[in-house]
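This report refers to the structure that appears directly beneath it.
The values are calculated or read from the model by the stated rules, or taken from the named source; none is laboratory data. Just so it is clear, the model here is predicted, and its values are computed rather than measured. FYI the Cβ positions are ideal-geometry reconstructions off the backbone, even for glycines, and counts take in every protein chain you see.
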Amino acid sequence: MTVTLRHSRDDAKHVNVDMTTTLGSLVVPDPVFTASGCAASGQELAAFNDLTAIGGVVTKSIQLNPRAGRPTPRMAETPSGMLNSIGLQGPGIDVFLKRDVTWLDEQGVTAVVSIAGGTIDDYAKAAGKLRGKPIAMIEVNISCPNVEDRGQVFACNASAAAAVVQAVRRSAPGGVPVFAKLSPDVTDIVAIAKACVDAGATGLTLINTTLGMVIDTKTMRPVLGGVTGGLSGPAIRPLAVRCVWQVHEALPEVPIFGVGGIRTGLDALEFILAGASAVQVGTVIFNDPGAPTRISRELREVLAARGMDRLEQAIGLGHRPPEEIIPELPDPPGDELEAIEIAERSAAPVTFEPATAVDEADEYDEAYDDEADAEVAAGPGGDDVPFDIEALDDFPSGDQDA
Ligand code: RRO
């Protein structure tokens, strides 16, 4: 495989990458969405982002009836992340539709409505209320970690997860994609994913927060009023990438929203390479409210730097087999050496190690990382590795069948 850096760092900023992505019947011009629970319905973020220029807004999970949520404190800092224990606080779906969905529609924002419920019937009724409303997608949150009864975490049981998805699909507006949001707190996420897809889910959102807790060593009591809470932020990113990877490997045709600790365009790229068709950004918004716009721009740049002109070329690309290259050999001085060279060339191929093979790539990495460092206090999310996109013609594209 030929390894070339097709664009300079400056070119990468200006190259036109088609960022269009397909999530069932929903086609959007950008793959970066806000994650549920981290941006309400987008009103506050509108001062920092053009919400019509990113993929869209996933609203805070809403239930049929108003709900007060869990006792305070509801948030706690953790290493590379945070814990929340909000407990599905919300005004109920009628107020939400009148106030929030109307606002999103007026602004022209792509609205993904996250619904939750305590019973299957609650979910079905909430989904039914969305008929005729200007929404682009329903995200079924079956994985909230902060319900009183752990038995109500439908995503921890394949048949319970399937029952909710089936009920929502039946009462939801026809033609609107239904994505199920899964919990990482299971032994086999692929089994849950398959059950949801068999029950009618168009796609999957991977992942919700994972259950954690913090104890205050001064008071010697749990920090959160609700005792346990959902852990989010960069601390869970490898867990989320692993879930996306496993589900894409098992269900390559099913569109996936990747979510969990994304702070930079490189982080987002990791999810896309694992098999996500789009990403959601959440916790980063609390210290950088303009993060959705920044991450969208950075993702475009890092795709351009890899010689890609369409986002879809990168979806699931991490699953291709390792590249093999024939090493460049000097011209042989005579017939005998030529024979040796031919023998060497047909010997076992050498696995390519990009970081050591292309000096130009190292320069690019350093320059890009410096810039990402300046923009994100905690620094960039990974290494930048250029390669020849044309060499991947034989690899199945990330195009999704709607
Ligand atoms: O409201 C919450 O406490 C909450 C929800 Br609905 C969720 O899905 N995930 C989370 O971490 N917190």
Residue count for segment 87-115, restricted to those that are in contact (Cβ under 8 Å) with a residue 60 or more places away in the chain, surrounded by fewer than 20 Cβ atoms within 10 Å (Cβ to Cβ) and of a type in the set (A, V, I, L, M, F, W, C): 1
Segment 200-216 - residue that is surrounded by fewer than 24 Cβ atoms within 10 Å (Cβ to Cβ) and among the hydrophobic types (A, V, I, L, M, F, W, C) and, of those, nearest to the ligand (Cβ to nearest atom): Leu211
Residues being under 19 Å from the mean Cα position of the chain (by Cα) and free of Cβ contacts under 8 Å to residues at least 40 places away in the same chain - total across segment 197-236: 0
Among the residues listed as Glu253, Glu270, the single one being surrounded by fewer than 22 Cβ atoms within 10 Å (Cβ to Cβ) and either closer than 20 Å to Ala180 by Cα or under 14 Å from the mean Cα position of the chain (by Cα) (or both): Glu253
Residue match in segment 96-116 (condition: under 24 Å from Ile236 (Cβ atoms), more than 23 Å from the chain's Cα centre (by Cα) and within 14 Å of the ligand (Cβ to nearest atom)): no
Residue match in segment 12-33 (condition: over 14 Å from Arg300 (Cβ atoms), of a type outside the set (D, E, K, R) and either touching a Leu at 6+ places or on another chain (Cβ under 8 Å) or modelled with pLDDT under 90 (or both)): no
Residue within segment 47-65 that is within 16 Å of the ligand (Cβ to nearest atom), without any contact (Cβ under 8 Å) to a residue 60 or more places away in the chain, farther than 29 Å from Thr20 by Cβ and touching a Gly at 6+ places or on another chain (Cβ under 8 Å) present: yes
Positions within segment 45-73 being surrounded by 18 or more Cβ atoms within 10 Å (Cβ to Cβ) and in a loop (DSSP other than H, G, I, E, B), in sequence order: Asn49, Leu51, Ile54, Gly55, Thr59, Lys60, Ser61, Gln63, Leu64, Arg70
Hits in segment 273-299 (condition: assigned to a loop (DSSP other than H, G, I, E, B) and under 15 Å from the mean Cα position of the chain (by Cα)): Gly275, Ala276, Ser277, Gly282
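Sort through Ala76, Ala160 and tell me the only one that's away from the ligand (no atom under 13 Å from the Cβ) and either surrounded by 15 or more Cβ atoms within 10 Å (Cβ to Cβ) or in contact (Cβ under 8 Å) with a residue 40 or more places away in the chain (or both). Steps first, answer last, please.
Details: Ala76 fails: away from the ligand (no atom under 13 Å from the Cβ).
Exactly one residue qualifies, and that residue is Ala160.
Could you grab me the full set of residues in segment 79-95 that are near the ligand (Cβ under 10 Å from one of its atoms) and not in a loop (DSSP other than H, G, I, E, B)?
First, the residues of segment 79-95 that are near the ligand (Cβ under 10 Å from one of its atoms): 82-90.
Of everything in segment 79-95, those that are near the ligand (Cβ under 10 Å from one of its atoms) and not in a loop (DSSP other than H, G, I, E, B) turn out to be Met82, Leu83, Asn84, Gly90.
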Condition met for Gly175 (surrounded by fewer than 16 Cβ atoms within 10 Å (Cβ to Cβ) and either among the hydroxyl-bearing types (Ser, Thr, Tyr) or away from the ligand (no atom under 16 Å from the Cβ) (or both)): yes
